[in-house]
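Here is the structure we will look at.
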Amino acid sequence: MSQKRKQNRKGTILRLIRMLFQYYPKLLPCIMVLICINAVISAIPSIFQQKVIAIIQTAWEQGLAWERVQPDVVKNVTTLASLYGASLLANVLYNQLMAFFTQGTLAKLRDEMFSHMEKLPIRYFDTNKRGSIMSYYTNDVDSMRQMVSQSFPQLMISMITITTILCIMMYYSIWMGLVIILGSFVSIFITRTVGGKSARYFIAQQKYVAATEGVVEEMINGGKVIKVFNHEDEAETAFDEANDALYEAAYNANRYSNTLMPILNNVSYIIYVLVAVVGGLLIEYNVPNLSFSGLPISIAVVVPFLGMSRQFAGMIQQVSPQINSIVMGLAGTERIFAMLDEEPETDEGYVTLVNATEKNGVLEETDEKTGIWAWKHPHQADGTVTYEKLRGDVRFFDVDFAYNPDKTILHNITLYGKPGQKIAFVGATGAGKTTITNLINRFYDIEDGKIRYDGININKIKKSALRKSLGIVLQETVLFTGTVMENIRYGRLDATDEECIAAAKLAGAHSFIKNLPQGYQTMLDGDGSNLSQGQCQLLAIARAAVADPPVMIMDEATSSIDTRTEQIVQRGMDALMAGRTVFVIAHRLSTVKNSNVILVLDHGRVIERGTHEELLAMKGQYYQLYTGAFELE
Amino acid sequence: MNTLRQLYQSVREFRKPAFQTPFLVIGEVIFEALIPYTIAMLVNEVKAGGGIDRIMHYAWILLAMSMASLLFGYLAGLTCARSSCGFARNLRHDVFHRIQQFSFANIDRFSSASLVTRLTTDIQNIQMAFMMIIRTAIRAPLNLIFSFAMAFYMGGSMAVIFLAVIPVLGIGLYAVAKVTMPLFKAGFPKYDALNESVEENVKGIRVVKSFVREDYETEKFHNASENIRKIFTKAERILALNSPLMQMCIYSVMLFVLSVGSKRIITTNGAALDIGQFSTLLTYSFQILSSLMMLSMIFVMMTFSAESAQRVCEVLREESTIKNPEHPVMEVADGSIDFDHVSFRYFRDSENPVLDNIDLHIRSGETIGIIGGTGSSKSSLVQLIPRLYDVTDGSVHVSGQDVRNYDLEVLRDSVAMVLQKNVLFSGTIAENIRWGNKDADDEEVKHVCRLACADEFIDKMPEGYNTYIEQGGTNVSGGQKQRLCIARALLKKPKILILDDSTSAVDTRTDALIRKAMKEYIPSTTKIIIAQRTSSVEDADRIIVMDNGTINAIGTSEELLKTNEIYREVYFSQNRQDSDETELSVSEAAA
């Protein structure tokens, strides 16, 4: 289990690195080179420091005048200065490029996530919670940014510096080097235990933050109900429970991360003392030095060594806090990758929708806007292309459907929707009304049977073309942040203001829009919270009307509109939809009464069909519904 | 300043660790500053070949100091974690508590999304800032002062270099912070907006796909995201100057100490400066500069969280627009309701009143139906009865008392209201029903469910009354949800029951059954029923027709059919004109 997780983690890191290189194939290597330069240079000064000290020491011992040693000192200091110059240059460049790289990577990643998300099938959105999809963009991207922009470079710098320092140490004295290596093992061990614990608690904290957010969201959205029931105290108790759990987790996480620093800090002092003691012992007892330089142990070796041991400890201190962000960043990255790995909606359709002109009953494709649309149907068998006029004729033949293979929702649905007809679906919740519309626009694909649109198998039609030919007003109205005008224009992006206003008039929305503070230019919040439910529905209808589609699906589109207004809307829609196909779902029977055909559904089967009068005469289910003797829900 | 005082009230029981922390930090810093000094002595001992005894002497001192520093640091870490997390917990509690006291008008003022952000992200920012204040903000300046003093003590005139470098660094860091701050401030709201647009897309994916707007949305998102990239790249590039600036300062100090220092040592033969001091100077220089860096970070951090603090305090300071009177009436005698020249506006400054001069008298036990078009202020009218909003002019009386004289809890316990936008909470069905009365036994719960015609489908559910309702009630249908909400209200045994379009998703037969049950079970309760369907109000004692914030007509169904144009239109839009079918549906409903 943990083996597998480790493997996953490794895969995630590799994939992340691959992705970063794909985003910036030239910039990223540049940055890495600059990091290396900077890291190596910042490790080297101790050599020159040592040299200068050695010079001073000799001068002191031999009583040399400053003038004698000055050239040597100046030479070393100048070399050091130029090294510093190079390091500074690398640092400026690296930081500038890094800022560009980090923000660029974030933007590219966000774009990739979003465009991938837009391509995912409806099933994905139906089976994943909104909050968890949202957290990919907020928490997970944030934790990944932290890791990529700070932890990775820091890790790289530290590793290089540590290696460089180790090499220099070995150059001087292997004995004292061993003390430092021992010390760093202790530090790494502490970091792993304390830092690892802290990281685990931080992940736990994330979980409790989410839980608290869940409670808060529920209680705040239900705020009015809480007031009506005097339930404030109970709500507070529920909140406090989540709040206390969050406190526990946050306290533990911060406790470990807060104490890691002082521990490491002082371990480094202890190492320092050890180095000094060992150095002193070596000098005291004249122990032969073991080193690559062959230098004997002396002050000139011990003093810079002490400096290096501080530098070494400093590096470990800088790396250790990164443990948290790497653990959390990897968890976030894993989730983001899982989303990017979701299979996008497939589209094997090849029949497209084109503008056409009609001469003597023969359709010809054109680039101009003619108001006549045709299906362009290339036949693979013989390479010919035929054109079929878009009329809006939708037929189901023996259609079966199941969301899960083991539970069939629709059985043997057969229906004919001819242009000019209004077809209504009536039935209890769960009878399969909305599911049928989900099949027409191919949000879901059928299991068995056939659906034909203007005689063409809808599987052959490109999804974009198919959906463009359908206007859909959904049960749950969704408006987008933007003006009223923009929201109506969403139906057809090239619609003029006049066309949008005409659509609003048709939908009976014009009168209330006129009364909004800025009329058609009034900004709407995302959820249309400044409009009533009914007004949102009127706008949604206007939005569909401006698209001017040959087939319209209205799924409980007028459920929140009072019956008087509904009749106004109905008249407008009837005018708009003359000669087109309309599918209507409504539990209010007054909405569906004037349909050409009413299908009564029950548990995924059509149990009655006919006009309102025919169905009443049948004295079956519909009659019972109409007379109120039967339960709809 | 006021903001800080306000927030400080939430520290409460964590005051002790909060005040301990700075002192512990001071202890830690003192030892941290003394350690390099002792190290210098040690180096000199080593250098002077002072023998292992002398070295061990300093080694033990150092060890003791480092242990002391560790202890202080460790304790400071603990108290800091406890007080900052505890403070955040209290603050969350206080904000949530305040929200619970909000009236409907207060709730309307803040969007729910913004309240959630204030309770989570904003308070987290404040927690971070608090942690910084009691720990780092004490540590950094102290460190600076100590290191500075020690540098002068050790290095003497050599330390002058710091006087040259520090202003450069200070000004540089300040300038960077000053320039980047407005950029970040402008950037973050855009970032929030971007996330909101993601949420919108997730929520509205069916609309996006139906209109084939995937590419359009992706393009829109790309533009917004690109905008953010530009702002943040600019800000981060300026911010990225901090690191080289700091490095430059360290390098200058190093070069100065190495060149001038070595000359000093040799020319004075170690009198003005010895090798130990020499390397210690370097250590202090590093500490001084990193404290400065820390200070600039604190500066940036504080500016950010100041915004968050502001937003949280806004909630804490929000006064509820509806408050309990000083000597509240503790009992509602009966269910009579009187509207006396009532006018109502949601906002004081809005032009047209939502309700205009309403005069209405309802006897206890009466059943009143309310009919009216979308936006005719039906809901606004009834919301005044349980004092969800206060009237702008005139007064509303329940049982002869002005509603503003009652104890709020007493009033709302007597006036049960089933809201139009109703919600169930995550928990079992029984738990949800018991919102009406938490002491109700199983029998009572079942009884009200039977009255609301909810028992049938509950019994069919796998776990009956223990079936878990998901957040938002997503696993029950609209009609089932409405019936549960009615049952919940019935359990209160109220004097007045208001149903605001609460049976819209329930079929007419069940609707009739519920009304019949109410008539039998709670005959003395005043019932007010707002409905779209005329069949829901036909058998009411009186029907009020609302139009544009005024009462258009009052009467029985028969009277209104004869005299009122609006009622007739609504009625006939739902019932076929031919009389036999109308009769059929009416008689069936009454049966």
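The values are calculated or read from the model by the stated rules, or taken from the named source; none is laboratory data. Small disclaimer: the values here were computed from a predicted structure and weren't measured. Positions of Cβ are generated from backbone atoms using ideal geometry, with glycine treated the same way; all protein chains shown enter the neighbour counts.
Is there a residue being touching a strand residue (DSSP E or B) at 6+ places or on another chain (Cβ under 8 Å), modelled with pLDDT under 85, more than 22 Å from A:ASP562 (Cβ to Cβ) and more than 9 Å from chain A (Cβ to nearest Cβ) anywhere in the range B:452-475?
Looking for residues that are touching a strand residue (DSSP E or B) at 6+ places or on another chain (Cβ under 8 Å), modelled with pLDDT under 85, more than 22 Å from A:ASP562 (Cβ to Cβ) and more than 9 Å from chain A (Cβ to nearest Cβ), one finds at least one in the range B:452-475, hence yes.
Can A:ARG310 be described as in a helix (DSSP H, G or I), over 19 Å from A:PRO121 (Cβ atoms) and without any contact (Cβ under 8 Å) to a residue 60 or more places away in the chain?
yes
In the range B:159-187, how many are within 14 Å of chain A (Cβ to nearest Cβ) and free of Cβ contacts under 8 Å to residues at least 40 places away in the same chain?
0
Examine the range B:202-211 for a residue that is of a type in the set (S, T, N, Q), modelled with pLDDT under 90, closer than 19 Å to A:THR138 by Cβ and surrounded by 16 or more Cβ atoms within 10 Å (Cβ to Cβ), and state whether such a residue exists.
No, every residue in the range B:202-211 fails to be of a type in the set (S, T, N, Q), modelled with pLDDT under 90, closer than 19 Å to A:THR138 by Cβ and surrounded by 16 or more Cβ atoms within 10 Å (Cβ to Cβ).
Evaluate the following for A:GLY294: is it in a loop (DSSP other than H, G, I, E, B) and in the same structural domain as A:ALA39 (by TED's automatic domain parsing)?
yes
Do any strands (runs of 3 or more DSSP E) lying entirely in the range A:563-632 carry at least 1 residues that are modelled with pLDDT of 85 or more and either over 27 Å from A:GLY471 (Cβ atoms) or out of contact with any Lys or Arg (no Cβ under 9 Å at 6 or more places or on another chain) (or both), and which ones are they?
Counting at least 1 such residues, we get A:597-602, A:605-610.
Exactly one of these conditions fails for B:LYS190: (1) within 30 Å of A:ASN128 (Cβ to Cβ); (2) facing another protein chain (nearest Cβ under 8 Å); (3) at pLDDT 85 or above; (4) out of contact with any Lys or Arg (no Cβ under 9 Å at 6 or more places or on another chain). Give me its number.
Exception for B:LYS190: condition (2).
May I ask you to list the residues in the range B:58-71 that are buried (at least 21 other Cβ atoms within 10 Å of the Cβ) and more than 7 Å from every other protein chain (Cβ to nearest Cβ)?
Of everything in the range B:58-71, those that are buried (at least 21 other Cβ atoms within 10 Å of the Cβ) and more than 7 Å from every other protein chain (Cβ to nearest Cβ) turn out to be B:TYR58, B:MET65.
Per-residue answers, yes or no, for (1) under 24 Å from B:THR526 (Cα atoms); (2) in contact (Cβ under 8 Å) with a residue 24 or more places away in the chain; (3) surrounded by fewer than 20 Cβ atoms within 10 Å (Cβ to Cβ):
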| residue | (1), (2), (3) |
| --- | --- |
| B:GLU326 | no, no, yes |
| B:GLU331 | yes, yes, yes |
| B:VAL342 | yes, yes, no |
| B:ARG348 | no, yes, yes |
| B:VAL382 | yes, yes, no |
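List the number of the failed condition for B:LYS421; all other conditions in (1) farther than 14 Å from B:LYS495 by Cβ; (2) buried (at least 20 other Cβ atoms within 10 Å of the Cβ); (3) at the interface with chain A (Cβ under 8 Å from one of its Cβ atoms) hold.
(2)
Within the range B:52-105, track down each residue that is more than 29 Å from A:ASP240 (Cβ to Cβ) and either under 18 Å from the mean Cα position of the chain (by Cα) or β-branched (Val, Ile, Thr) (or both).
Passing the criteria: B:ILE52, B:ILE55, B:ILE61.
Being closer than 29 Å to B:ALA193 by Cα, of a type in the set (D, E, K, R) and facing another protein chain (nearest Cβ under 10 Å) narrows it down to one residue among B:ARG118, B:ARG82, B:ARG135; which is it?
Answer to the selection: B:ARG118.
Does B:ILE171 satisfy the condition of being over 30 Å from B:TYR8 (Cα atoms) and in a helix (DSSP H, G or I)?
yes
So the check is Cβ under 6 Å with 6+ separation or different chains; which pairs have a first residue in the range A:128-151 that's within 12 Å of chain B (Cβ to nearest Cβ) and a second one that's surrounded by fewer than 18 Cβ atoms within 10 Å (Cβ to Cβ) and of a type in the set (S, T, N, Q)?
These pairs meet every condition: A:TYR137/B:ASN195; A:THR138/B:ASN195.
Restricting to the range B:40-55, and then to whatever is assigned to a helix (DSSP H, G or I), more than 7 Å from chain A (Cβ to nearest Cβ) and of a type outside the set (S, T, N, Q), can you tell me which residue is surrounded by the fewest Cβ atoms within 10 Å (Cβ to Cβ)?
Among those residues, the one meeting the criterion is B:ASP53.
Restricting the search to the range B:495-509, which residues are out of contact with any Asp or Glu (no Cβ under 6 Å at 6 or more places or on another chain) and either among the polar types (S, T, N, Q) or modelled with pLDDT of 85 or more (or both)?
Answer for the range B:495-509, where residues must be out of contact with any Asp or Glu (no Cβ under 6 Å at 6 or more places or on another chain) and either among the polar types (S, T, N, Q) or modelled with pLDDT of 85 or more (or both): B:LYS495, B:ILE496, B:LEU497, B:ILE498, B:LEU499, B:ASP500, B:ASP501, B:SER502, B:SER504, B:THR508.
For every residue, the table says whether it meets (1) more than 12 Å from chain B (Cβ to nearest Cβ); (2) under 47 Å from the mean Cα position of the chain (by Cα).
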position: A:PHE21; (1), (2): yes, yes
position: A:PRO29; (1), (2): yes, yes
position: A:GLN57; (1), (2): no, no
position: A:TRP60; (1), (2): no, no
position: A:GLU67; (1), (2): no, no
position: A:ALA81; (1), (2): no, no
position: A:TYR84; (1), (2): no, yes
position: A:LEU89; (1), (2): no, yes
position: A:PHE101; (1), (2): no, yes
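Filter the range B:483-494 for residues that are out of contact with any strand residue (DSSP E or B) (no Cβ under 6 Å at 6 or more places or on another chain) and more than 9 Å from every other protein chain (Cβ to nearest Cβ); which is modelled with the lowest pLDDT?
Going through the qualifying residues, I end up with B:LYS493.
Which condition does B:GLY436 not pass, out of (1) closer than 30 Å to B:PRO325 by Cα; (2) surrounded by fewer than 20 Cβ atoms within 10 Å (Cβ to Cβ), if it passes all the others?
Of the numbered conditions (1) closer than 30 Å to B:PRO325 by Cα; (2) surrounded by fewer than 20 Cβ atoms within 10 Å (Cβ to Cβ), the odd one out for B:GLY436 is (2).
Among the residues of the range A:496-548, which ones are at the interface with chain B (Cβ under 9 Å from one of its Cβ atoms), of a type in the set (Ser, Thr, Tyr) and buried (at least 16 other Cβ atoms within 10 Å of the Cβ)?
A:SER532, the sole residue that qualifies.
Where in the range A:363-449 are there strands (runs of 3 or more DSSP E), lying fully within it, with 3 or more residues that are under 32 Å from the mean Cα position of the chain (by Cα)?
Once the strands (runs of 3 or more DSSP E) in the range A:363-449 are filtered for at least 3 residues that are under 32 Å from the mean Cα position of the chain (by Cα), what remains is A:394-404.
Taking the options A:GLN624, A:GLN567, A:GLN535, name whichever one is free of Cβ contacts under 8 Å to residues at least 60 places away in the same chain and closer than 28 Å to A:ASP494 by Cα.
A:GLN535
Being surrounded by 19 or more Cβ atoms within 10 Å (Cβ to Cβ) and of a type in the set (Lys, Arg) narrows it down to one residue among A:LYS10, A:LYS51; which is it?
After applying the criteria, what remains is A:LYS51.
Taking the conditions exactly as written (of a type in the set (Gly, Ala, Ser), closer than 19 Å to A:THR163 by Cβ and at pLDDT 85 or above), does A:ALA43 satisfy them or not?
For A:ALA43, the condition - of a type in the set (Gly, Ala, Ser), closer than 19 Å to A:THR163 by Cβ and at pLDDT 85 or above - is not met.
Go through B:VAL332, B:VAL312, B:VAL253 for me and flag whichever is closer than 30 Å to A:ARG68 by Cα, more than 8 Å from every other protein chain (Cβ to nearest Cβ) and at pLDDT 80 or above.
Being closer than 30 Å to A:ARG68 by Cα, more than 8 Å from every other protein chain (Cβ to nearest Cβ) and at pLDDT 80 or above holds for just one of B:VAL332, B:VAL312, B:VAL253, which is B:VAL253.
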